[in-house]
Amino acid sequence: MFKDAIALEELMGDNIRNVIIIGSGPAGYTAGLYTARAMLEPLMFAGYMSGGQLMLTSDVENFPGYPKGIGGPEMMMELREQAERFGLEVQDRNVDRVDLSERPFKVYSEGEEYLTHAIIVSTGAESIWLGVEGEEEQKGRGISTCATCDGAFFKEQEVLVVGGGDSAMEEATFLTRFASKVTLVHRRDVFRASQVMYDRAANHEKIEIKTFRQVKKWLSDDSGLTGAVLEDPRDGSTEEIALSGAFIAIGHTPITGFLEGQLETDEEGYLIHRDHTMTNVSGVFAAGDVVDTRYKQAITAAGLGCQAAIDCERWLEENEH
Ligand code: NAP
């Protein structure tokens, strides 16, 4: 350990936390549960919108242990309660920035500085939304960014998928299990999707692909989403389409801005694991969607949270904290 850090530790004594967890989705709460049960007295910054992406989901039917399904927000409250029972301290505040240049690390929230030996980053990723008129009111209701989560609510109904990558193809194909018809719209006629996934969607009898279409506006009434106005970007001409559900699959952005480039990421901004769940900075771990470019499920995030907590506990032990 650095000489200055040792001096600082002596001065600060008990004010240095063992571990600070940043982010409160399934990864964060699972890391909180494990580190709390390991008597590490973890502190979590849950963010102003604690609970992560699941707060936007109505029913979760694919998390093992809930045979009747559970509401996304309710599940997050239960995960929090479970971790708090073992001593996780939660602050519903955002982390503004961190300083990982020396140990103990510094975490800043609302102008206050916190010192910690280890950090678990589990801030997740945000789906990119279109941001067009009528979207805000229908988020998490008629308009979703997760077919796996919400597809089953649209049995025998007509739905729209927006996007031209693998996610859009996957969502459209998955939605054919429930919907009577899936229309996929893409803003140009070249697809980023892999050929195999494009073919699977394009050849499906329930899927219609419309190129050179982007959503200009969502239409809704008291019953919910009713349709969309689609625009052809080439000439600005428009058409209306009737639908009850829409799925936006135009990519995700990992939430890493507060790290200000101090941790290594891939070209899309996802954090990179270097030693199991540890990042390129020794003592800083990452779990959940902030590292996951592939699965993006609540259960896989929880699994990574568990791994990060165990790695963190071992690292603290090896480093005699
Ligand atoms: P992506 O490959 O970046 O595709 C995003 C799509 O959204 C593109 O077609 C893009 O159109 C479109 N788009 C972006 N902004 C838009 C906007 N404002 N309005 C309309 N359309 C917009 O993202 P992804 O599909 O989420 O895939 C991300 C990564 O995960 C990829 O590497 C993919 O292979 C991988 N993935 C793999 C699987 C699998 O193997 N099972 C499944 C899902 C994802 P343009 O092309 O015109 O830019």
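Please identify the helices of the chain, taking whole runs of DSSP H, that span at least 15 Å along their own axis as judged from the Cα atoms and have a mean Kyte-Doolittle score of -1.0 or higher. Taking the DSSP H segments of the chain (at least 15 Å long, mean hydropathy at least -1.0), we get 26-37, 298-318. With K and R counted +1 and D and E -1, the other residues having a Cβ less than 11 Å from that of residue 113 yield a net charge of -2. For region 129-248, the gyration tensor built on C-alpha atoms gives an oblate shape. Its axis ratio a/c (a ≥ b ≥ c) is at least 1.5, and a/b is not larger than b/c.
FRET efficiency for the pair residue 203 and residue 155, taken as 1/(1 + (r/R0)^6) with r the Cβ-Cβ distance and R0 = 25 Å, rounds to 0.65.
Among the trypsin sites (Lys or Arg not before Pro) within region 142-184, those in coil by DSSP and having at most 15 neighbouring Cβ atoms inside 10 Å are 155, 177.
In this Cβ point-charge picture (+1 for Lys and Arg, -1 for Asp and Glu), the chain has a dipole of about 860 debye about its Cα centre. Taking the Cβ of residue 186 as the center, what net charge do the other residues with Cβ under 10 Å away carry, scoring Lys and Arg +1 and Asp and Glu -1? Every neighbour counted, the sum reads +4. Charge tally for residue 152 (other residues, Cβ to Cβ under 11 Å; Lys, Arg +1; Asp, Glu -1): -1.
Candidate cross-link partners of residue 210 among the aspartates and glutamates, defined by an alpha-carbon separation under 18 Å and a same-chain spacing of 8 or more, comprise 158, 166, 170, 171, 189, 199, 231, 232, 235, 239, 240. Checking every one of the trypsin sites (Lys or Arg not before Pro) in region 20-113 against DSSP loop status and a limit of 16 other Cβ atoms within 10 Å picks out 68, 93.
How would you classify the chain from its alpha-carbon gyration tensor, with a ≥ b ≥ c the square roots of the eigenvalues: rounded for a/c under 1.5, else prolate if a/b is greater than b/c, otherwise oblate?
Because a/c hits 1.5 or more and a/b exceeds b/c, the chain counts as prolate.
Modelled spin labels at residue 96 and residue 280, positioned 7 Å past Cα toward Cβ, are 2.7 nm from each other. Charge dipole (Cα centre; +1 on Lys/Arg Cβ, -1 on Asp/Glu Cβ; no other charges) of region 195-312 amounts to roughly 180 debye. Which whole-number value in Å² is the accessible area per residue of region 253-321, probe 1.4 Å? For region 253-321, the per-residue accessible area is 50 Å².
Remark: the residue 139-residue 293 segment gains 53.1 nm on full extension, using 0.36 nm per residue and subtracting the alpha carbon distance. Remark on the chain: 306, 312 stand apart, with no other cysteine beta carbon under 4.7 Å.
Cross-link check: pairs 181/217; 217/296; 106/296; 139/296 evaluated at a Cα-Cα cut-off of 25 Å; pairs beyond the cut-off: 217/296; 106/296. If R0 equals 30 Å, the separation of the Cβ atoms of residue 113 and residue 74 corresponds to a calculated FRET efficiency of about 0.30.
For the chain, what is the calculated [θ] at 222 nm in deg cm²/dmol (nearest 500), taking -39500 (n - 2.57) for each run of four or more DSSP H residues and dividing by its residue count? Walk me through the numbers on the way to the answer.
On the way: 8 runs with 83 residues, N = 321.
Taking each H run of at least 4 residues, the total per residue is -7500 deg cm²/dmol.
Please work out the C-alpha center-to-center distance from region 244-321 to region 147-202 and express it in whole Å. Using only Cα atoms, the two centres lie 27 Å from each other.
The values are calculated or read from the model by the stated rules, or taken from the named source; none is laboratory data. It should be emphasised that the depicted structure is a prediction, and the values quoted were computed from it without experimental measurement. A quick note on method: Cβ atoms are made from the backbone with ideal geometry, for glycine too, and the neighbour counts reach across all protein chains shown. Accessible surface is based on the protein model in full, side chains and every heavy atom, while ligands, DNA and RNA are left aside. Shrake-Rupley method; radii C 1.70, N 1.55, O 1.52, S 1.80 Å.
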